[in-house]
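Read the structure below first, then the notes.
The values are calculated or read from the model by the stated rules, or taken from the named source; none is laboratory data. Fair warning: this is a prediction, and the values are worked out from it, not measured in the lab. Reconstructed Cβ throughout: ideal geometry from the backbone, glycine too, with neighbour counts over all protein chains shown. The protein model used for the area step is the full one, side chains on, heavy atoms only, and it has no ligands, DNA or RNA in it. Shrake-Rupley method; radii C 1.70, N 1.55, O 1.52, S 1.80 Å.
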Amino acid sequence: MQTVRRFCCLAVFVIGAVGCGSSNPDTTGTGSGGTPPECADLGCLDKCICETGNQTVCESICGGAGGSGTGGTVGTGGSAGTGAVAAAGGTAGTGGVSGAGGAAGAGGAAGAGGAAGAGGGAGTGGAGGGSGMCCSDGNCLCHGPDPTGLTSAPGPYAVDNYANPAGCIYYPTNGQPPYAAVAVSDGFLGTGGCGPAQTNEWGAFYASHGIVAMIVNTGSFDQPPARGQALLQGIAAFRQQNTDSASPLFGLLAGRYGTSGFSMGGGGTTYSSRDDPSLLTSVAIMPWGPVTSGITVSTLVLCGTSDGIAPCSTHGIPAYDGIDNSVPKMRADLSSGHAGQPNAAGGRSGEFALAFQKVFLDGDERWRPLLVAAGAQATNIQ
């Protein structure tokens, strides 16, 4: 302030006008060197012009037009600048606290994107996330329109995929994050990945409905315990991709994870859900060699009525019965042989699995009545 006063007084001296006043100005406007009352509460530029009448000199001293416009108190970029406190979709959004042009300037207090940004209350990638409008407590992800029935058809979102050391990742490209994610395993002799696989169609199917999916890499002869570990490695890869700024999934995941698998991969998902109770869902598709105790994760078991490899009586039913009744669970018998894709049994496999994931992985209660009425052979879900 002292520097500005000296410059102001220098300018006044140059143009032969009255002084800028001391730190205790004559507020009556009559004392020698006092500030006229009408100039007292103005900013530097306006005060200088009020006192001297010379705008050109005053602009050279006070730094241009306006106390808070372009080049003003804060200047281009504002206090936080582009990116702001929490980046696009976060607390401040793109544009920063002040934005371009002074204390308030273009961009405003919150900047483009608003207080919450894309993805609702939790912001992009926040735990829970979503719009919170499809469940009573707001802890849910609400992707896609209101469902009118079960479906195994592709959903409303475009899908892309890429290879990761843990498997092939499928994700929606035009949905609104954050997303839940599920890891899926092939059965015996299946190796997963981005090529033809026993379960590859689940990747694009889930992603088109707003659920990121990975077809995990496995060894051809891996047994259920090893496939369960591959599924958990897939979940770890999801978490890593969510924090990797070079990843297509950076900041897009909600921290809601599930596992699934077919045949020995179906047995594998029972191992992964037993070993990691933080998972939200497990979908065992005609499981072979499942564990039959210790599972506390919401579980769907799909059996094939003509499955001669993993008959429901010796694999699916023991897996279902071994889960405590306090855990949400469902078993559905499909008119199918041993088949791992969502189009099995005329699409019934995809219908059950998608509705189950929507309810228990996304937390989307719009799908619950459809799931309950789907015609399962056994369930405690209401």
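Quick notes on this structure:
- In the stretch 347-367, the residues that are touching a residue at least 40 places away in the same chain (Cβ under 8 Å) and either among the hydrophobic types (A, V, I, L, M, F, W, C) or open to solvent by 40 Å² or more (accessible area, probe 1.4 Å) (or both): Arg348, Phe352, Ala353, Leu354, Ala355, Phe356, Phe360, Leu361, Glu365, Arg366, Trp367
- Qualifying residue in the stretch 368-378 (condition: farther than 17 Å from Tyr206 by Cα, open to solvent by less than 30 Å² (accessible area, probe 1.4 Å) and either without any contact (Cβ under 8 Å) to a residue 12 or more places away in the chain or outside any loop (DSSP other than H, G, I, E, B) (or both)): yes
- Of residues in the stretch 292-314 being open to solvent by 30 Å² or more (accessible area, probe 1.4 Å) and within 37 Å of the chain's Cα centre (by Cα), the one nearest to Val182 (Cα to Cα): Thr296
- Residue match in the stretch 297-319 (condition: on the phi > 0 side of the Ramachandran plot and in a loop (DSSP other than H, G, I, E, B)): no
- Filter pass, Ala339 being surrounded by 21 or more Cβ atoms within 10 Å (Cβ to Cβ), among the small types (Gly, Ala, Ser) and not in a helix (DSSP H, G or I): no
- Test: Ala158 is open to solvent by less than 70 Å² (accessible area, probe 1.4 Å) and in contact (Cβ under 8 Å) with a residue 60 or more places away in the chain: no
- Here Gly167 passes the criteria (1) buried (at least 24 other Cβ atoms within 10 Å of the Cβ); (2) in contact (Cβ under 8 Å) with a residue 60 or more places away in the chain; (3) under 24 Å from Leu371 (Cα atoms) except the one numbered (3).
- The C-beta contact set for the stretch 182-201 (first residue farther than 14 Å from Ala166 by Cα and free of Cβ contacts under 8 Å to residues at least 40 places away in the same chain, second residue open to solvent by less than 10 Å² (accessible area, probe 1.4 Å) and in a loop (DSSP other than H, G, I, E, B), distance under 7 angstrom, 6+ apart or interchain) comprises Ala197/Asp186; Ala197/Gly190.
Rundown of residues vs (1) open to solvent by 10 Å² or more (accessible area, probe 1.4 Å); (2) over 18 Å from the mean Cα position of the chain (by Cα); (3) at negative phi, yes/no style:
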| residue | (1), (2), (3) |
| --- | --- |
| Gln176 | yes, no, yes |
| Gly187 | no, yes, yes |
| Ala197 | yes, yes, yes |
| Trp202 | no, yes, yes |
| Ile211 | no, no, yes |
| Ile215 | no, yes, yes |
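- Of all residues assigned to the stretch 238-247, at least one qualifies as being open to solvent by less than 20 Å² (accessible area, probe 1.4 Å) and either in a loop (DSSP other than H, G, I, E, B) or polar (S, T, N, Q) (or both).
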